[in-house]
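Coordinate-derived values only; no laboratory data. Please read these numbers as outputs of a predicted model, since none were measured by experiment. Positions of Cβ are generated from backbone atoms using ideal geometry, with glycine treated the same way; all protein chains shown enter the neighbour counts.
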Amino acid sequence: MRLPPREHELIDRSKTVTFTFEGEPVRAFAGDTIGSALFAAGRRVFGRSFKYHRRRGLLCCSGQCPNCMMTVDGVPNVRVCVRPPREGTVVKAQNVVGSLDRDLMAVTDRIGGPFTPVGFYYKTFIRPRWAWPYYEKFLRNAAGLGKLDPHVTERRRVDHEHAHAEVLVVGGGQSGLEAALAHARAGRQVVLIDEGPEPGGHQLANRERIMTMRSLAAETAQAGVEILPFARAIGLYEGNLVPVDRGSTLVKFRAETVVAATGTLEQPLVFAGNDLPGVMLPAGARRLANYWSLRPGERAVVLTVDDRGVETARELEAAGVEIAEVVDYRERVPRSVVAKGRKQVRSLTVDGKRFDCDLVVMSGSPQPNYGLLAHARARVEFDPGRGIFVPVELPPGVEVAGEASGDVGSPAVPPPSHGEGEGKSIVCFCEDVTTKDFKDAVAEGFDSIQLAKRYTTATMGPCQGRLCHLNAVRVAARETRTDEGTIGTTTARPPTSPVSMGLLAGRPHEAAKRTSMHHRHKDMGATVFWTGSWRRPHSYSADPQAEVRAVHESLGVIDVSTLGKLLVKGPDAGAFLDRLYPNRFSDLKVGRIRYGVLTNDAGRIFDDGTVARLADDEFYVTTTSTGADGVFQWFEWWNAVWHMDVELANVTGAVAAVNVTGPNARKLMERVFDGDVGNEAFAYLDAKRGHVAGVPALILRIGFVGELGYELHFPSPHGEHVWDALFEHGAEWNATPFGLEPQRILRLEKTHILVGQDTDAESNPLEAAMPWIVKLDKDDFIGKWAIEHVQERGLRSLLVGFEVPSGRMPVEGAQVVVGGKSAGRVTSVRYSEQVGKVIGMAIVPIDLSGEGTTFEIRIGGELDQAVVRTQPFHDPEGAKLRS
Amino acid sequence: MSFLLTCPHCGPREVEEFRCAGEVTTRPTERPGLRELNEYVFFKNNVAGVHREWWYHRHGCGTWFLAERDTTTNRVVRTELPA
Ligand code: FES
Ligand SMILES: [Zn+2]
């Protein structure tokens, strides 16, 4: 199949790789793409069309059309004509039932049936309503582009990067290179991006021009232009932002000047059978011959409106293709054109004259590729003389170079569209929209191009209108008996071509955070999981209950470094906190701790934590782990508004924290702490400074998990040292590390809330059952008015503890049901060994919130009984905390 | 949104470095009625044109500042520290 070695071919015949297609091995040369290697192996059918499952072959060979999409190594919708194979690459056909050559769904092409009429989505699967689920099943199978394999575990990591360029040139063809060179010579910093492996554009497929292009590229690089290959511009956004897809990186370029040197898009001609395999665009045929030394066909007919077709005919002849006829529309526009063939084109009949052929090259007038310019709101106008749309007014900071400007060389005649009659004339290759569909759409009243587009779905497929927008406008103009200028264009929006979700979901600005003791957790066998941006231990063994037991019976240690930690300092510090919290802090004694929730002016809880007074003018505030940044910003914001005499510092990362808890916690503290830890000297809710294992520390005596506990705050760099010391000295009491899961069980036994888990965007402190932390006698605080209104209207719901006598476990989020209707929800639930029951918290209607009241919750599909418990399940009096 | 914003402290930066906290509102000085409260908390003017809004230099110096921005074009008229 290969031609003898040709000058300038892109393949290296001394190197081969082997991949598989549908399980069969295929050999390729270095420089081949999957598509070219399959073509070399004799394959002509590369895909099945979206709706009618018509056979489709290579059309553009430049990654622009939908025809050659296959599933490569489990990733669907890969254009194989531009994807090089690697050793062992697994390639599969898609959108077929059966095989590419015998696709069972192809009956839809012949029998018509429900798929045929335009707007079938809107018309067909409407009634009866009960059948919708079946319709959906059927449609999902029949339609769609490829399948995502949920078992493909290849995890592509995408990074997002920012870059700046004085001039960003998009497109590395001749005019792009020349523009880049000119800007670089004028002393500007220039980056040029190109989709292919090397710049040169379509001239790389032109044997006479290829060396000129290569030396131009070398000269441009020498002038200091940074040339990025395999880089695809996704769009042009405001402020000249151009996100560039580089495979595993999304580079967001911000440029002072963007030069669109995006060239033209070759356009198909519209005639019956124009989508048969073997009907190609000029570049497709040329690339086969010149890049990969393949003969695109034995005998060809060329249909052209410009010089491209004529040149292509010459090049094909040089590759040994017999040219049966060149039909030059500039001399005479034929009245009818019909291509025939089954597996591929076999003949072309022009005005009744039949040519046998296995290749038809069609060259409609090339359309300037103005997509990027249109994103930037350049004005685009129809040029009736040439039958193309050209950009006419550019926004500031945006330039256009070369053919994209409409400077497309020799004048062409506007191509006609040859309508139906003998088979389907495809307007939109992606969505299988025919000239007849447009006729029907217009007849049904969808006569504006915007409506016709949505109704027929033309231009809405993977090529994003590249190959069909112009023809769609043309056909619409014909059907509505107006002209293309009146019809106008559809709105071009980014992205210019399909973008994988994975690329956009690249890693966020904040990287994963680990505490200073992270490696110790790993060494001790912790299972680590994400909580917000933190990586934290879930538990250290397969049995979180064992860790709970250790805390209740002896001694547990948990890393709580993720807590937000803020310092509030200054003469106004107390007054400042009084204004931010419903609770009061100005009267807190130095060395004491008080709990507080934060509310916004809607009276809704958004965070909670403890506040310790370190000095008259200094407070140490902890927040939830996920709330640290938000609370700090909130404090800073109000400080910017109020201008009080306070200073704020976020010391979250600088300070590590460990909670030492359990009946033996004091014994351990006696060993490692250099102060008095007797219950008199260091009482519950006291805050003391001192040293732990020689490290300066602030100790808060609090009890989130319900046992005697000390929270040690100390400089992060000493994390591992302190952690090790606690386990060394705690060995006697079998000190046990515990993770987040056991902590959740422990705190639930105390019905201590987790903000965001047991509260939501509607929760206020009164209905969250915390009236004691609201001091409505204060003059003002953020949220006061709204909470007062809640109090005046009366409580409607309440957050309560509950147990499930049946022992069955509802899911978190399960409905609380009253009279068959949802009336609340379960916010937390766990099995507690200590209590011997399934326990939880739920938001219930106020009249069901009394101690011992029974209410219904949904477990699985059924209703079960839960009983309200208003007291903590464990140590209700708090005796252990105070012991 | 994609434009440059000038932090009064750090100078022009990518807008992604900042957090926008919405239009400047005035907190009532006296306890409002339920209606006024809801208006203050939930209703924004949502101007099509130039308005004043809060910004926070999140991935930078951590300054809260005010910007006058045209919401229809994203042209930033000016930025300043709160008085
Ligand atoms: S032939 Fe591969 S995209 Fe057109
Ligand atoms: Zn700044």
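Order the peptides A:458-466, A:75-83 from the highest to the lowest mean number of other Cβ atoms within 10 Å of their residues. Write down the numbers at each step before the final one.
Details: A:458-466: 23.2, A:75-83: 21.3.
Highest-to-lowest ranking by the protection proxy: A:458-466, A:75-83.
Quick check on region A:424-502: take the gyration tensor over C-alpha atoms, sort the square-rooted eigenvalues as a ≥ b ≥ c, and tell me if it's rounded (a/c under 1.5), prolate or oblate. Intermediate results must be reported in sequence, preceding the final value.
Numbers: a/c = 2.12, a/b = 1.65, b/c = 1.29.
Prolate, because a/c is 1.5 or more and a/b exceeds b/c.
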**Request:** May I ask for the distance between the Cα centers of region A:56-82 and region B:27-83, given as a whole number of Å?
**Result:** 49
**Request:** Kindly rank A:56-67, A:38-49 from highest to lowest mean number of other beta carbons found within 10 Å of each residue.
**Result:** A:56-67, A:38-49
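Helix-only mean residue ellipticity at 222 nm, chain A, DSSP H runs n ≥ 4 weighted -39,500 (n - 2.57), per residue, nearest 500. What is it? Working shown, then result.
On the way: 23 runs with 198 residues, N = 883.
The helix contribution divided over chain A gives -6000 deg cm²/dmol.
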**Message:** Taking beta carbons within 10 Å but only from partner chains, what does the mean come to for residues A:238-248?
**Reply:** 2
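Rounded to the nearest 20 debye, what is the charge dipole size of region A:796-883 about its Cα centre when +1 sits on each Lys and Arg Cβ and -1 on each Asp and Glu Cβ?
Working: 10 positive and 10 negative charges, 37 e Å.
Its charge dipole is roughly 180 debye.
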**Message:** Please give the Cα centre distance for region A:273-331 versus region A:223-253, rounded to the nearest Å.
**Reply:** 33
**Message:** Out of all Cα-Cα pairs in chain A, roughly what percent, to the nearest whole number, are more than 42 Å apart?
**Reply:** 52
**Request:** Enter the Cα centre distance for the pair region A:849-863 and region A:743-793, rounded to the nearest angstrom.
**Result:** 23
**Request:** Have a look at the DSSP beta bridges in the protein assembly as shown and tell me what percent are antiparallel, nearest 5.
**Result:** 75
**Asked** Can you list the cysteines of chain B that have no other Cys Cβ under 4.7 Å away?
**Response** B:20, B:61
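What's the average, rounded to a whole number, of partner chain beta-carbon atoms within 10 Å of each residue's beta-carbon in B:27-40?
Details: counts 7, 3, 1, 2, 5, 4, 2, 6, 0, 1, 7, 3, 0, 3.
Average neighbour count from other chains, rounded to a whole number: 3.
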**Violating pairs (Cα-Cα greater than 29 angstrom) within the set A:837/A:880; A:589/A:778; A:821/A:880; A:522/A:688; A:688/A:880; A:15/A:343** = A:821/A:880; A:522/A:688; A:15/A:343
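Structure shown: which of A:51/A:147; A:513/B:44; A:51/A:439 lie over 26 Å apart, alpha-carbon to alpha-carbon? Show your work: numbers first, answer last.
Working: A:51/A:147 16 Å; A:513/B:44 36 Å; A:51/A:439 18 Å.
Among A:51/A:147; A:513/B:44; A:51/A:439, the Cα-Cα distance tops 26 Å for A:513/B:44.
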**Request:** Mind ranking A:188-194, A:599-605, A:719-725, A:773-779 by how tightly packed they are, going by the mean number of other C-beta atoms within 10 angstrom, highest first?
**Result:** A:188-194, A:599-605, A:719-725, A:773-779
